[in-house]
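*Asks:* Before anything else, here's the structure in question.
The values are calculated or read from the model by the stated rules, or taken from the named source; none is laboratory data. Quantities reported herein were computed from a predicted structural model and do not represent experimental measurements. Heads up, the Cβs are rebuilt from the backbone with ideal geometry, glycines too, and the neighbour counts pull from every protein chain shown. Keep in mind that these areas ignore ligands, DNA and RNA; they rest on the heavy atoms of the full protein, side chains included. Shrake-Rupley method; radii C 1.70, N 1.55, O 1.52, S 1.80 Å.
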Amino acid sequence: MSSTPAPVIIREASRSPRSPRSPRSLREAWLALTGLSAVFLFEMLDNSILNVALPTIGRELHASTTGLQWVTGAYAVVFGGLMLAFGAVSDRFGRRRVMLVGLVLLGLASLATAFVTTPEQLIAVRVAMGVAAAMTTPGSMALAFRLFADDGLRVRAITLISTVGLVGLAIGPTVGGLVLAIAPWQVLLLVNVPIAALAFLSIRFGVAKDAAADLHRDPLDIAGAVVGTLTIVLALVAPTLFVDLGAGAWQPWTVTAAAVVGAILFVLRERSAAHPLLDLKLVAHPLVSSGLAFKAATGIATAGLGYLVTLQLQLAWGWPPALAAIGMLPQVVVLIAGGAVITPLVRRIGLERAGWMGAVTVVAGLAVYAALSRYGYVWVAVALVLVAAGMRVVGVVAGTNVMRGLPENRTTIGAALTDTSTEVASGVGIAITGTILASLFTGTIASVHWTAAQAAEFGDAVTIAGVTLTVLAGALVGWGIARSRRGAEPAPARVDA
């Protein structure tokens, strides 16, 4: 993107000609979009609806605190760790095929919930569901992107899919609470069975089989996949250890060091492999690298801000959980309603500019929170609105730009990259926040009555954590803007061996 303003329209993709059978409107692709939306709904709804049932699960299964943590943690770690590997598999053997297999696995794993009697069995079910999510989620965005030839329709389709998912994220806790009042907790996971069935049938009959020309047959980089998966798993486990054990313990730092070593080995492997899992030259494309930077900045901001605001409302200000939930409504409203402005915004200023403007808005929201949140809820609400608005734009636009910057036969791993960058960055945001709080706050943070000294310590921790997250997210956004200004040259139509 040049530094001077340019007339911007939603243009036809700069790729090889598409089939004349490509849908010319969202209505023509309604069946496919139904299935892809159902896939994304599962990802967004899953943990949000399950969290409200953790106390009930703990009582009925006699689970320890650590066991309950891994009920959700095992899913997140497996999901985040395997996305890149399955993205590469999908680009080789078929996005639609891998997604259909993943949906079958999701349905079977969800059905198995009815027979769970121990925490270990439930964790195993959650691991299987994490594998299914890794097989299906990147493909939902990749197939939506590949479904259309026009960038405008791509943005509208991904906006629609993400809106459905965000509605699930917003209503998940409420729906989960209502269901628990009249039904056993297993129902919250069994609901995935009809969602998986709907998605399977819609994609089976609404999405055409992958064309051989849109795939590649390079040998799978097994070593790269193993090292990459282990590195991501370690990177996702480390933040939990920092929060649970504190920065003074040796375990978090050991795992972090192992993750850094793993990342170095992964880069060395991918640079030397004849057929790398992830071609680092493609990642360096301006659209790809800037989009990933914006997604990472958003992941850091949303995770860190959500963690801090929850503690501030309920512990520092003494709000009951119901009132704290209402306090988060500005964010929820913007996330859901914001989809209506994305297409007009992109049509007016273009995909590249919309991406960096959304990312800058996220950083601005963090800065407002760091500087002003201690002066009253109105500033917290402003921060939530800014971060949510920026996140909504970045979530659609940056992901689209990443796939626009990749060859046609690498789009699924591109979608996996965006999801992985968000997952890892979210973990970093929570780790930074939790570590700063643990180092500055004396006593038990969850205690009912704080002393004046503890309240002051918490306020200082919020400011320092907010400033740290703002600087880190701002650095990523600044680097992403610099990359995007290098130009949005089209990617090759495909990469051949």
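*Asks:* Whole Å is fine, so just give me how far the alpha carbon centre of segment 50-65 lies from that of segment 159-194.
*Replies:* The distance from the Cα centre of segment 50-65 to that of segment 159-194 comes to 17 Å.
*Asks:* Determine, at each q value in 0.15, 0.19 (inverse angstroms), the log₁₀ of I(q)/I(0) that the Debye formula gives when each Cα of segment 300-418 is one equal point scatterer.
*Replies:* -0.71, -0.98
*Asks:* Let me ask you something else. What is the spread of the Cα atoms of segment 94-189 along each of their three principal axes, largest first, in whole Å?
*Replies:* Between the extreme Cα coordinates on each principal axis of segment 94-189 lie 49, 30, 14 Å.
*Asks:* Okay, moving on. Under 4 °C and 1.567 mPa s, how fast does segment 269-330 diffuse according to Stokes-Einstein, given a Kirkwood radius computed over C-alpha pairs? Answer in µm²/s, whole number.
*Replies:* Numbers: Rh = 14.8 Å.
Approximately 87 µm²/s, per Stokes-Einstein.
*Asks:* To continue, here is another question. Rolling a 1.4 angstrom probe over the protein heavy atoms, how many square angstrom per residue are accessible across segment 57-186?
*Replies:* I get 34 Å² per residue for segment 57-186.
*Asks:* Exactly which trypsin sites (Lys or Arg not before Pro) in segment 187-228 are in a DSSP loop and have at most 14 other Cβ atoms within 10 Å?
*Replies:* Here the sparse-neighbourhood loop sites are K209, R217.
*Asks:* Can you list, largest first and rounded to whole Å, the semi-axes you get for segment 154-232 by taking the square root of 5 times each eigenvalue of its Cα gyration tensor? Show your work: numbers first, answer last.
*Replies:* Working: eigenvalues 224, 86, 45 Å².
Largest first, segment 154-232 gives 33, 21, 15 Å.
*Asks:* How big is the equivalent ellipsoid of segment 33-163 along its three axes, where each semi-axis is √(5λ) from the Cα gyration tensor, reported in whole Å from largest to smallest? Before the final figure, lay out each step's value.
*Replies:* Details: eigenvalues 186, 46, 27 Å².
Whole-Å semi-axes of the equivalent ellipsoid: 31, 15, 12.
*Asks:* To test your reading of the geometry: what angle, between 0 and 90 degrees and rounded to tens, separates the Cα axis of helix 192-206 from the longest principal axis of the chain?
*Replies:* Rounded to the nearest ten degrees, it is 20.
*Asks:* A further question on this structure: Taking the chain as the reference, fit the longest principal axis to its C-alpha atoms, fit the long axis of helix 452-484 to the helix C-alpha atoms, and give the angle between the two in degrees, 0 to 90, nearest 10.
*Replies:* Here the helix axis deviates by roughly 10 degrees.
*Asks:* As I understand it, the value is the acute angle between the Cα axis of helix 286-311 and the longest principal axis of the Cα atoms of the chain; what does it come to in degrees, rounded to 10?
*Replies:* Rounded to the nearest ten degrees, it is 20.
*Asks:* Rounded to whole Å and ordered largest first, report the semi-axes of the equivalent ellipsoid of the chain derived from its Cα gyration tensor (root of 5λ).
*Replies:* Numbers: eigenvalues 231, 144, 105 Å².
They are 34, 27, 23 Å, listed from largest to smallest.
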